[in-house]
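Rule-based calculations on the coordinates, nothing more; no lab input. On a predicted model such as this, the values are computed, not experimentally measured, just so you know. Here the Cβ is made from the backbone with ideal geometry for all residues, glycine too, and neighbour counts use every protein chain on show.
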Amino acid sequence: MRFTYFFLLLSISILIGLTNCRKENFLTDSGAKVEFSKDTVVFDTVFVSIGSTYERFTIKNPQNKALNLSSVRLANGTRSSFRMNVDGLSGVNIKDIEIPAKDSVFVFVEVTIDPNNQNNPFVIEDDIIVTVNGNEQSVHLAAWGQNAYFHYEADGFLIICNETWLNDKPHVLYGITALDSACTLDIQPGTQIYGHSGAMLYIYKSTLNVNGDPNNRVVFQGDRREASFNDVPGQWFGVRFFAPQNSLINNTLIKNATAGIYIDTFAAPSQTLTINNSQSINNSFASLFAQGANIRAENSQFGKAGTNSVALRLGGNYYFNHCTIDNYWTSSTRNSPALVINNYFESGGTTIVRSITAFINNTIIYGNNDNEIVLDTFPTPGQANYLFNTCIYKTDEPINSNFAGGFLNTDPKFKNSSSRELQSNSPARNNADNSPGLYLSLDIQGNMRSNPAAIGCFENP
């Protein structure tokens, strides 16, 4: 009995002593920080029913003295889909976690999701916030919220080759999804593609075939599905090409990106990107941004962007027929025109001129600025070839032989502030150039065109 009592007193004394020792040696420096084994924890399980899975990471104390974590908490608290356990303690706000010098604690995070709940966002997120000596650090949490095809790699850069994206489930881009050189990506009609914040579909010296139909379009947009995000620009990066091989975007809607379609070559124009019966609209930077590219666009709309709806820069070859290039941007001040054409850049004090050819036929170029066309071309003979044929345009550029027919500074009379369909008294109606090679029998919506047809991409019979 005496031995038992002795060991009990000894244990209590040791415990008190160790506790006092630890408290006396806590580092209280306000600049002290911890280190995480991961800055983002992604639950990449593809759920097929009610799903539950866990991941773990460590919080390391790199200091030479012990640290007291005053709080480790889930940012969304009890509303979070995530649960956590820190050093054996569970809860949404765990306090006073002690980490000895050069030591670590494990954090286990669990998530439970019904992936068939259509009210869930595609990506469910939260943050674990760690407070040390008044400073906050965080680890981001992300999990798939619905049944979908998730295109994701742990380092944020997924490389794909020779794939077909089916339309039976949505596709969610998380990070950069890159189509490798000499590969092909085919996207079925009706496929819905959602880009998470910062996501991009990157086509690198390869072939993209997006081939919807008028009644079953392919749609690219941000992954926030709340009604309040329907028309919020800049939710994801967009579709970017570098030196694409012969690629097609047909019967497709691209919206709410930073740059809807962004294409670079940095050399002589590569093979052609063809854009038919498609829309790129409501993008925070540009709806079509091209540098030294080779583009053929028909029956398509490029509209509402923070800078240019269409930027044709650093040379290239461009052909537009029956398109609508409009910009009625209202989210911020816009000083750039709806359309800019440029054929040079400065490098090391030297002007580099690259040949540009742009034929723009039966197209509306209009917006809410006074001047919606800027021709920023270097006057080198033969290096800037452009023609506006039978267009409705708004500009204060000098009108010369490069502007043939059409209507200068004439309101095209769109149906309303959100639609570029035409009113019955629009000057665009029945005024297109229907010369051989220019007449298109159907408009962007699949409607039969009259003869002569309407200028722009909408016929509105």
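What is the Cα coordinate range of the chain on the first, second and third principal axes, sorted by size from largest, in whole angstrom?
Principal-axis extents of the Cα atoms in the chain, largest first: 112, 55, 41 Å.
Between N368 and N116, take the C-beta separation as r, use R0 = 41 Å, and let me know the FRET efficiency to the nearest 0.05.
Step by step, r from the Cβ atoms, then E = 0.40.
With a point put 7 Å past each Cα toward its Cβ, work out how far N430 is from F359 in nm, to one decimal.
Label at N430, label at F359, 2.8 nm between them.
Magnitude of the Cβ-charge dipole of the chain, K/R +1 and D/E -1, about the Cα centre, nearest 20 debye? Spell out each step's value before the answer.
On the way: 31 positive and 40 negative charges, 88 e Å.
Here the chain has a charge dipole of around 420 debye.
Under a 5 Å amide H to amide H cut-off, with H placed in plane at 1.01 Å, what residues pair with N389 once short-range neighbours are removed?
I360, N361, N362, A404
At D39 and N416, where each label point lies 7 Å from the Cα along Cα→Cβ, what is the point-to-point distance in nanometres?
Using points 7 Å along Cα→Cβ, the separation is 4.5 nm.
Extension gain K102-N402, at 0.36 nm per residue separation less the Cα-Cα distance, in nm?
100.8 nm
Debye calculation, C-alpha points only, no solvent: report log10 I(q)/I(0) for segment 111-213 at q = 0.10, 0.12, 0.18, 0.21 Å⁻¹, in the same order as the q values.
-0.36, -0.50, -0.92, -1.13
Could you check the simple spin-label distance between L253 and N451, using points 7 Å along Cα→Cβ, in nm with one decimal?
Result: 3.2 nm between the two label points.
I'd like the distance between the alpha-carbon centres of segment 360-427 and segment 137-206, rounded to an integer number of Å.
37
Mind sorting S104, S284, S70, S309 by how few other Cβ atoms lie within 10 Å of their own Cβ, fewest first?
Lowest count first: S70, S104, S284, S309.
For the chain, take the longest principal axis of its alpha carbons; what is the angle in degrees between that and the long axis of helix 2-24, to the nearest 10 within 0 to 90?
Taking Cα atoms only, the helix is inclined about 40 degrees.
With point charges of +1 on the Cβ of Lys and Arg and -1 on the Cβ of Asp and Glu, referenced to the Cα centre of segment 321-419, which listed residue (Y366, H322, V340) lies farthest in the positive direction of the dipole?
Checked the options; the winner is H322.
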